[in-house]
Amino acid sequence: SFNGIIYENTRSSIRAIVLISLVIILYATYILLRNVKRRRVLDAEKAKLQIENTEIRDIIASANMGIWRIQLFDGEEPRMYVDETMKSLLGIDGQERTPEKTYTDWFSNITPDALESVLYSVDRMKQGYFDENTYLWEHPSKGTRYVRCGGTAQKTEKGYTLRGYHYDVDEVVREDQAKVEQLKEALSEKNEYYSTISSFGRQT
C-alpha cells in the first residue's frame with residue numbers, strides 16, 4: 001500500500017541518516033584523537049626545546065657571551081640589537097642606544113688593522129657560511145681588547161639579517177702570545193748555545 005511504501009522509505013532514510021551520522025561521528029572522533037596526539041607531541045617537543053634553550057642561555061651566561069643581531073637592509077642604516085651581556089661587553093650597559101647607534105658603537109671601534117678581516121667574515125656569512133673571527137676591538141674604558149665573534153646570515157627581501165655571539169678573549173689570547181714569545185726566546189737561546197758550541201769545535 002501507499003502508506004507501507006512511505007513507511008519503508010522513511011525507515012530506509014532514517015537508517016541512512018543514522019549510518020551517515022555514525023560515520024561522521026567516527027571520523028570526527030578520529031580527527032580529534034589524532035589532533036590530541038599531535039598536540040601532545042608538539043607540547044613535548046616544545047617543552048624539550050624550552051629546556052634546551054634554557055641550557056643554552058645558561059652556557060652563554062656562564063661564558064659571559066653576548067648575543068647580537070644585525071640588520072643590513074638596502075637603503076637603510078645598519079642596525080644592531082643586543083642582549084644585556086652584549087651591552088656590557090660593548091661598554092654601553094645602563095645606557096640608552098638606538099639600534100643604529102649600537103651598530104656604530106661596535107663597528108667604529110674595530111681597530112683599523114682588523115677591519116678587513118671583520119668585513120671578510122661578514123661577507124662569508126652573507127654567502128651562507130658560519131664564520132668566526134678573533135680581532136682587536138677598542139673598548140671605551142678597557143682599551144684595546146681581543147674579542148671573538150661568530151655567526152651566520154639570512155637573506156631577506158630587504159637585505160641580510162646576521163645573528164651571532166661575541167665574547168672577550170683578551171686574557172686567553174695574550175697569555176697564548178706570551179707563551180709563544182717564551183718559546184721563541186727559549187729556541188733562540190738554544191740555537192745560540194749550539195752555535196757557540198759549534199764555533200768552539202771549529203776553533204779547536
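The values are calculated or read from the model by the stated rules, or taken from the named source; none is laboratory data. Just so we're clear, the structure is a prediction, and the values are computed from it rather than from any experiment. In this analysis, Cβ positions are derived from the backbone assuming ideal geometry, glycine residues included, and neighbour counts consider all displayed protein chains. Accessible surface is based on the protein model in full, side chains and every heavy atom, while ligands, DNA and RNA are left aside. Shrake-Rupley method; radii C 1.70, N 1.55, O 1.52, S 1.80 Å.
Residue-level analysis places ASP113 outside the set of residues that are open to solvent by 30 Å² or more (accessible area, probe 1.4 Å), over 17 Å from LEU162 (Cα atoms) and out of contact with any strand residue (DSSP E or B) (no Cβ under 9 Å at 6 or more places or on another chain). When TYR81 is tested against the conditions (1) open to solvent by less than 20 Å² (accessible area, probe 1.4 Å); (2) not in a helix (DSSP H, G or I), the lone failure is (1). Can we say THR156 is within 19 Å of the chain's Cα centre (by Cα) and modelled with pLDDT under 95? Spelling it out, THR156 is indeed within 19 Å of the chain's Cα centre (by Cα) and modelled with pLDDT under 95. Restricting attention to the stretch 151-184, which residues are open to solvent by 100 Å² or more (accessible area, probe 1.4 Å) and in contact with a helix residue (DSSP H, G or I) (Cβ under 6 Å, 6 or more places away or on another chain)? Correct list: empty.
Here is a check on your reading of the model: is PHE2 at pLDDT below 75 and among the aromatic types (Phe, Trp, Tyr)? It is true that PHE2 is at pLDDT below 75 and among the aromatic types (Phe, Trp, Tyr).
If we scan the stretch 92-101, do we find a residue that is at pLDDT 95 or above, of a type outside the set (Lys, Arg) and open to solvent by less than 30 Å² (accessible area, probe 1.4 Å)? The answer is no, given that none of the residues of the stretch 92-101 is at pLDDT 95 or above, of a type outside the set (Lys, Arg) and open to solvent by less than 30 Å² (accessible area, probe 1.4 Å).
Can you say whether ARG145 is touching a strand residue (DSSP E or B) at 6+ places or on another chain (Cβ under 9 Å) and open to solvent by 60 Å² or more (accessible area, probe 1.4 Å), as far as the supplied structure shows? Considered against the rule, which asks whether it is touching a strand residue (DSSP E or B) at 6+ places or on another chain (Cβ under 9 Å) and open to solvent by 60 Å² or more (accessible area, probe 1.4 Å), ARG145 comes out as no.
Just one residue in the set ILE70, ILE24 is modelled with pLDDT of 85 or more and either charged (D, E, K, R) or surrounded by fewer than 16 Cβ atoms within 10 Å (Cβ to Cβ) (or both); that residue is ILE24. Scanning the stretch 124-142 for residues that are open to solvent by 60 Å² or more (accessible area, probe 1.4 Å) and not in a loop (DSSP other than H, G, I, E, B) gives ARG124, LYS126, GLU132, GLU138. ASN133 fulfils the conditions (1) closer than 14 Å to TRP68 by Cβ; (2) touching an Asp or Glu at 6+ places or on another chain (Cβ under 7 Å) except for a single criterion, (2). Look at (1) part of a helix (DSSP H, G or I); (2) at pLDDT below 75 and you find that LEU89 fails only one, number (2).
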